[in-house]
Every structure is written in structure tokens, then in C-alpha cells.
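Everything below concerns the one structure shown next.
The values are calculated or read from the model by the stated rules, or taken from the named source; none is laboratory data. Just so you know, these numbers come straight off a predicted model, no measurement behind them. Neighbour counts are summed over all protein chains in view; Cβ atoms, including those assigned to glycine, are modelled from backbone coordinates with ideal geometry. In case anyone asks, the SASA skips ligands and DNA or RNA and just uses the protein heavy atoms, side chains included. Shrake-Rupley method; radii C 1.70, N 1.55, O 1.52, S 1.80 Å.
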Amino acid sequence: ETSHNLVIAAAKSGLVPRDGSPYSPSLETKVWGKAFTNPIGLAAGFDKNAETMESMLGIGFGFVEVGSITPEPQDGNPRPRVFRIPEEGAVINRIGCNSHGSREVSKRIQAFRDRTADTREGVLGINIAKNKTSEDAAGDYVQACRLLADKADYVVINVS
């Protein structure tokens, strides 16, 4: 978890080099009217709070999915929440759905969209989730979607 946070900090600080290599036209694809420069994307869970979109698109991902983003801020599971099982060669991740909340994350995504309006660099997916203490999951999805959907190329609903 510490190494993950260090990578996020480095990417936020611009310490991740950009890949200026041209993509082969054979990698380009179009899905639902969205043009992907290549089919390799970064799934939700890496950039939970939409802090590294430009850096991740800049290293060559054809799309980036941020989140899961909850309507209200929430912490993840209690620590420790990442475990190694050396004899199995396994890592268990129980970080949970920590989120800065949809209002805060929406501001970051809007700032990203404003900065990249001319280039419309990459495809941006937004993954939304309910708050863990919510008694109205559908209401949580609607609340998050209202704040975030207009900034997304696609929206994913995390029902886990």
C-alpha cells in the first residue's frame, strides 16, 4: 500500500515520463463512438481519486478508469489491509473502497477536462460505488452519477 501511494504521489508530481511514441494505426479501435488510440487501459482501483489521469494516459494507456468513487468521502478497511502469503506467492488486498467522495473527485476530473479540452487526450472511465454505510445503494449511484457522468466517456457501477 505504501508503494502504491508513492507511485500516485510521483505521478501527481509529474515524475512519470511521458511516452511520445506514435501508436500503430492497427491498435486504434472505436467502441460506442469513442476512439481508443490503443486497447490497453488502466482499470479502476489504481487511481481511486482521479489524481493521475494525465500521467497514466501520458505513459501510453489508451484509456484510464478512475475510482471507485463514492458519493460521500469514506475510509477504506482498517489497517493492516494488504497481506503477503509467501508460501503461496500471494498478496491479499483488502484495502476497501476508500474515496475522497464524488464532490472532491468531480472537481479534479473537471480540472483535467478543462486542461485537456483541446486535445481530449485518451478515454476516461469513471467507476462509481455506494458508501459502505449506505442504506440506499440506488440513491448513492444516482448521486454519484449526477455529479460525475457528464465528465466521463463511460461510467461503470461497482456493485461489490
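Some values worked out for this structure:
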read-out	value
All positions within region 129-150 that are open to solvent by less than 30 Å² (accessible area, probe 1.4 Å) and touching a Lys or Arg at 6+ places or on another chain (Cβ under 6 Å)	D140
Meets criteria (aromatic (F, W, Y), under 20 Å from A149 (Cα atoms) and either touching a Gly at 6+ places or on another chain (Cβ under 6 Å) or free of Cβ contacts under 8 Å to residues at least 24 places away in the same chain (or both)) for F36	yes
Qualifying residues in region 104-128 (those that are within 20 Å of V31 (Cβ to Cβ) and among the small types (G, A, S)) - the one least open to solvent (accessible area, probe 1.4 Å)	G125
All positions within region 125-147 that are among the aromatic types (F, W, Y) and part of a loop (DSSP other than H, G, I, E, B)	none
In region 41-80, residue surrounded by the most Cβ atoms within 10 Å (Cβ to Cβ) [restricted to those that are touching a helix residue (DSSP H, G or I) at 6+ places or on another chain (Cβ under 7 Å) and in a strand (DSSP E or B)]	V66
Residue in region 16-35 that is farther than 20 Å from I128 by Cα, hydrophobic (A, V, I, L, M, F, W, C) and under 15 Å from the mean Cα position of the chain (by Cα) present	no
Unmet requirement for F112, which otherwise passes all of (1) at pLDDT below 95; (2) assigned to a loop (DSSP other than H, G, I, E, B)	(2)
Checking N93 against (1) surrounded by 16 or more Cβ atoms within 10 Å (Cβ to Cβ); (2) modelled with pLDDT under 95; (3) over 16 Å from M53 (Cα atoms), the condition it does not meet	(1)
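Each row is one residue, and each column tells you yes or no for (1) more than 20 Å from L42 (Cβ to Cβ); (2) touching a residue at least 40 places away in the same chain (Cβ under 8 Å).
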| site | (1), (2) |
| --- | --- |
| S99 | no, yes |
| E104 | yes, yes |
| R115 | no, yes |
| T119 | no, no |
| L148 | no, yes |
| D153 | no, yes |
| N158 | no, yes |
